[in-house]
Amino acid sequence: LFRSTVNGVAIPKATFDTQMASAVASYQAQGIAATSTAELTQIKTQVLDNLISNELLNQGVTAAGIKASAADVETQYQTLLTQAGGADKLKAQMTTANLTEAQLRENIGKQLAVQTYLLQNIDVKSITASDAEVAQFYADYSKAQKAAGQTVPVLATLSAQIKQQIISNKEQTLVTSFIATLRAKATVVISPTL
């Protein structure tokens, strides 16, 4: 019997099953069979860890009293509408994802609230990428690309993208560390053990 809780809040088995099916399909789309016991156990662990992290963040958002404004949700919805290529295409994407517009807007609101919560708890303004880090990233990238038989643009062409990638990686490390501190303070029960 699957029963996992975060500070007493249950992670629904249906949510786990849906995320698991999506993860397996994603691996298979990348050419990874995702059928062996070891692979499935690894995917189950990743899915459950993600669900636990999301629940910890949602609980933090609730405790902090953070809510996204209707205007911010609408702005993000309009951005998604534009990116999708119009209302009909966005509706098709929502149908494929089995989402209603109300659910999509609710998800947007949750994502915006989580972003606000993370920004309140993580100092992203202090994150930088030094010239040495950019040069090392470029050297590693160039080596990998050349080994794969690819040509590599000069550093000047990629410098801004590399700098942004380094900053993004550092932000993700801070987010992961912050979630780890939340988890260390939480009561997480996973049954059965994966």
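Being of a type in the set (A, V, I, L, M, F, W, C), open to solvent by 60 Å² or more (accessible area, probe 1.4 Å), part of a helix (DSSP H, G or I) and out of contact with any Ser or Thr (no Cβ under 6 Å at 6 or more places or on another chain) is true for just one of Ala92, Ala132. Which residue is that? Break it down stepwise before answering.
On the way: Ala92 fails: open to solvent by 60 Å² or more (accessible area, probe 1.4 Å).
Result of the check over Ala92, Ala132: Ala132.
Any idea which of (1) of a type outside the set (Asp, Glu); (2) over 30 Å from Ala70 (Cβ atoms); (3) modelled with pLDDT of 95 or more; (4) surrounded by 10 or more Cβ atoms within 10 Å (Cβ to Cβ) is the one Gly109 doesn't satisfy?
All conditions pass for Gly109, except number (2).
Please verify whether the range 25-36 includes one or more residues that are surrounded by 12 or more Cβ atoms within 10 Å (Cβ to Cβ), among the hydrophobic types (A, V, I, L, M, F, W, C) and within 20 Å of the chain's Cα centre (by Cα).
no
Among the residues of the range 160-194, how many are touching a Leu at 6+ places or on another chain (Cβ under 7 Å), open to solvent by 70 Å² or more (accessible area, probe 1.4 Å), among the hydrophobic types (A, V, I, L, M, F, W, C) and modelled with pLDDT of 95 or more?
0
Can you tell me which of (1) part of a helix (DSSP H, G or I); (2) without any contact (Cβ under 8 Å) to a residue 24 or more places away in the chain; (3) open to solvent by less than 80 Å² (accessible area, probe 1.4 Å) is the one Asp140 doesn't meet?
Among (1) part of a helix (DSSP H, G or I); (2) without any contact (Cβ under 8 Å) to a residue 24 or more places away in the chain; (3) open to solvent by less than 80 Å² (accessible area, probe 1.4 Å), the lone unmet condition for Asp140 is (3).
What are the pairs, 6+ residues apart or on separate chains, where a residue within the range 28-54 that is within 30 Å of Gly8 (Cβ to Cβ) has its Cβ under 6 Å from a residue that is among the hydrophobic types (A, V, I, L, M, F, W, C) and assigned to a helix (DSSP H, G or I)?
Ile43/Ala23; Val47/Met20; Val47/Ala23; Ser53/Ile179
Among residues belonging to the range 1-24 that are β-branched (Val, Ile, Thr) and open to solvent by less than 50 Å² (accessible area, probe 1.4 Å), point out the one that is farthest from Ile190 (Cα to Cα).
Among them, the one singled out is Val24.
Which condition breaks for Ala71 when tested against (1) at pLDDT 95 or above; (2) assigned to a helix (DSSP H, G or I); (3) under 19 Å from the mean Cα position of the chain (by Cα); (4) of a type in the set (Gly, Ala, Ser)?
(3)
Scan the range 143-159 and give yes if some residue there is of a type in the set (S, T, N, Q), open to solvent by less than 60 Å² (accessible area, probe 1.4 Å) and either within 30 Å of Arg3 (Cα to Cα) or part of a helix (DSSP H, G or I) (or both), otherwise no.
Yes, the range 143-159 contains at least one residue that is of a type in the set (S, T, N, Q), open to solvent by less than 60 Å² (accessible area, probe 1.4 Å) and either within 30 Å of Arg3 (Cα to Cα) or part of a helix (DSSP H, G or I) (or both).
The values are calculated or read from the model by the stated rules, or taken from the named source; none is laboratory data. Computed from a prediction, not measured in an experiment: that's the story for all the values here. Ideal geometry is used to build each Cβ from the backbone, glycine not excepted, and the neighbour counts take in all protein chains shown. Note: areas computed on protein heavy atoms with side chains; ligands, DNA, RNA excluded. Shrake-Rupley method; radii C 1.70, N 1.55, O 1.52, S 1.80 Å.
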